[in-house]
Amino acid sequence: MLSEKLDQLIGEVRGMRETMGGLSNRMVVVEQETKSTKEIVEAWSAAKTWLRWFKWIVGLVASLGAIFAAYKGLAK
């Protein structure tokens, strides 16, 4: 009776160990996917920041061009 209980307990421990190994593998996959997602979000944020800066510069250049054209038009 005791040896049967010990065999049953050993079987349960082995099953738990296999389950933990599977979960460990899944955690590695989740970590890799999280890193990839983080890199994508960082790249998107950098692109948005660059585009905002570019939009501001284009607006500034257009404003300076309009001021220059108005000055040239008034100077005639």
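All of the numbers you see were taken from the coordinates with simple rules; none came from a lab. Small disclaimer: the values here were computed from a predicted structure and weren't measured. We place every Cβ from the backbone using ideal geometry, glycine too, and count neighbours over all the protein chains shown.
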Which entry in [x] 1.06; [y] 1.38; [z] 2.87 matches Cα Rg over 2.2 N^0.38 Å derived from the coordinates of this structure? [z]
Place +1 on the Cβ of every Lys and Arg and -1 on the Cβ of every Asp and Glu in region 1-41, take the dipole about the Cα centre, and give the residue among 15, 27, 40 whose Cα lies farthest towards its positive end. 40
Selection from 64, 74, 51 lying farthest towards where the dipole of region 28-76 points positive, charges on Cβ: 74
Computed helical MRE - 222 nm, the chain, DSSP H runs ≥ 4 contributing -39500 (n - 2.57), nearest 500: -37000 deg cm²/dmol
Specify the angular offset, from 0 to 90 degrees and rounded to the nearest 10, of the alpha carbon long axis of helix 2-75 from the longest principal axis of the alpha carbons in the chain. 0 degrees
Mind putting a number on the dipole of the chain about its Cα centre? Charges go on the C-beta only, +1 for Lys and Arg and -1 for Asp and Glu, and I need it in Debye to the nearest 20. 960 debye
